[in-house]
1. Of the residues in segment 95-114, how many are in contact with a Lys or Arg (Cβ under 7 Å, 6 or more places away or on another chain) and either under 26 Å from Asp130 (Cβ atoms) or modelled with pLDDT of 95 or more (or both)?
2. More than 27 Å from Asp49 (Cβ to Cβ) and modelled with pLDDT of 95 or more, is that true of Ile119?
3. With the structure loaded, tell me whether Phe67 is at pLDDT 95 or above and touching a Gly at 6+ places or on another chain (Cβ under 6 Å) or whether it fails that test.
4. If I filter segment 1-9 for residues that are within 28 Å of Gly131 (Cβ to Cβ) and either surrounded by 12 or more Cβ atoms within 10 Å (Cβ to Cβ) or touching a Ser or Thr at 6+ places or on another chain (Cβ under 8 Å) (or both), do I get at least one hit?
5. Looking at this structure, is Gly42 small (Gly, Ala, Ser) and in contact (Cβ under 8 Å) with a residue 40 or more places away in the chain?
6. I'd like to verify a number: residues in segment 110-129 that are buried (at least 18 other Cβ atoms within 10 Å of the Cβ) and either among the β-branched types (Val, Ile, Thr) or not in a loop (DSSP other than H, G, I, E, B) (or both), how many?
7. Check segment 51-63 and report whether any residue there is under 30 Å from Asn9 (Cα atoms) and either surrounded by 14 or more Cβ atoms within 10 Å (Cβ to Cβ) or not β-branched (Val, Ile, Thr) (or both).
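The values are calculated or read from the model by the stated rules, or taken from the named source; none is laboratory data. These numbers come from a predicted model, not from an experiment. Don't worry about glycine lacking a Cβ; one is built from the backbone with ideal geometry, like all the others, and counts go over all protein chains shown.
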Amino acid sequence: MSYQNLKSNPLIFDIVLLIVRLFIGFAMISHGFPKLQDLIDGVDKPFFDFIGLGPEITLSLTVFAEFVCSIFIILGLFTRIAAGILLFTMSVAAFVVHGADDFAKKEASLLYLSIYTIIATVGAGRFSVDGMIEKRKRTSDW
């Protein structure tokens, strides 16, 4: 399948976008869920505090991004906003938390960063809650 076929067949594009959203959403939840458990259990693990709000608030913001925003990405709800929040979170992970580390430590956050950049740019696609809302807007008198 060539690039031209993908451009001329929006159905394939939307299916690929759905698969990417589902995969990246569940993959990021696997990072966010342990942090959510730590937050709920009150585990006293040191957590990176990059803006001086304290480790608990920073952990809460990270849980919101990695867990809640990932659910939004999976559903395709508020997709561009959720991808933007995750884009910021992965930027902090890559360039601040792992800024002095070698590439191998940064690689995962940079890969997530690039995928969230694509999702923030193109949106959720047809097979999403955002897509259903957009379709309803087009067919109604909004």
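1. Qualifying residue count, segment 95-114: 0.
2. yes
3. yes
4. Yes, segment 1-9 contains a residue that is within 28 Å of Gly131 (Cβ to Cβ) and either surrounded by 12 or more Cβ atoms within 10 Å (Cβ to Cβ) or touching a Ser or Thr at 6+ places or on another chain (Cβ under 8 Å) (or both).
5. The answer is no for Gly42.
6. The number of residues fulfilling the criteria is 5.
7. No - not one qualifying residue is present in segment 51-63.
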